[in-house]
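Presented below is the structure to which this report refers.
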Amino acid sequence: MLEVISDLDDEDVDPAGSLLIEAPDRKGFRGFERPPFGWSTELVRLVLAACFRAGAVYVERPTPSGPTPLYDYKDSFDLFAKINTFKHVTFRVAETSLSVDQIKRANKELIAMGVTGTPESGTLSPQPFES
């Protein structure tokens, strides 16, 4: 799903909910309800809600002053629950990266697993990971 949203964005096509559900007149991607996917509208909305909740995508809501980005899932229930509202929402792949704290926690976990070769492990010569 993220690849489809990214591809549509690359084609300068707004990946709106209505297009992601079904776009029978479009060449190429024709919606997740159409073959080869055959997903129900509810499943499309559920998967996108999960992606939004996980921070993989953000939404742009239409407002009188233009699209307004929304990154926080709080107060977003109607965007996914109401089909007509969902059809007018545009989805964008979020630019994500690990925070410094997440990288440090990951390094500690690797060290606990016996992986060396990280600056925090005290040795910079990489050792093969053995399971």
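We did not get these values from a lab; they are worked out from the coordinates using the rules stated. From a predicted model like this one, the values you see are computed outputs, not experimental measurements. Here the Cβ is made from the backbone with ideal geometry for all residues, glycine too, and neighbour counts use every protein chain on show.
Here are the numbers:
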{"item": "Region 2-93 - Rg over Rh from alpha carbon coordinates, Kirkwood radius", "result": "0.94"}
{"item": "Distance in nm between pseudo-label sites at Asn84 and Ala112 (7 Å out along the Cβ direction from Cα)", "result": "5.1 nm"}
{"item": "Nearby lysines by direct alpha-carbon distance to Lys87 (threshold 23 angstrom, same-chain neighbours under 8 apart not counted)", "result": "Lys27, Lys74"}
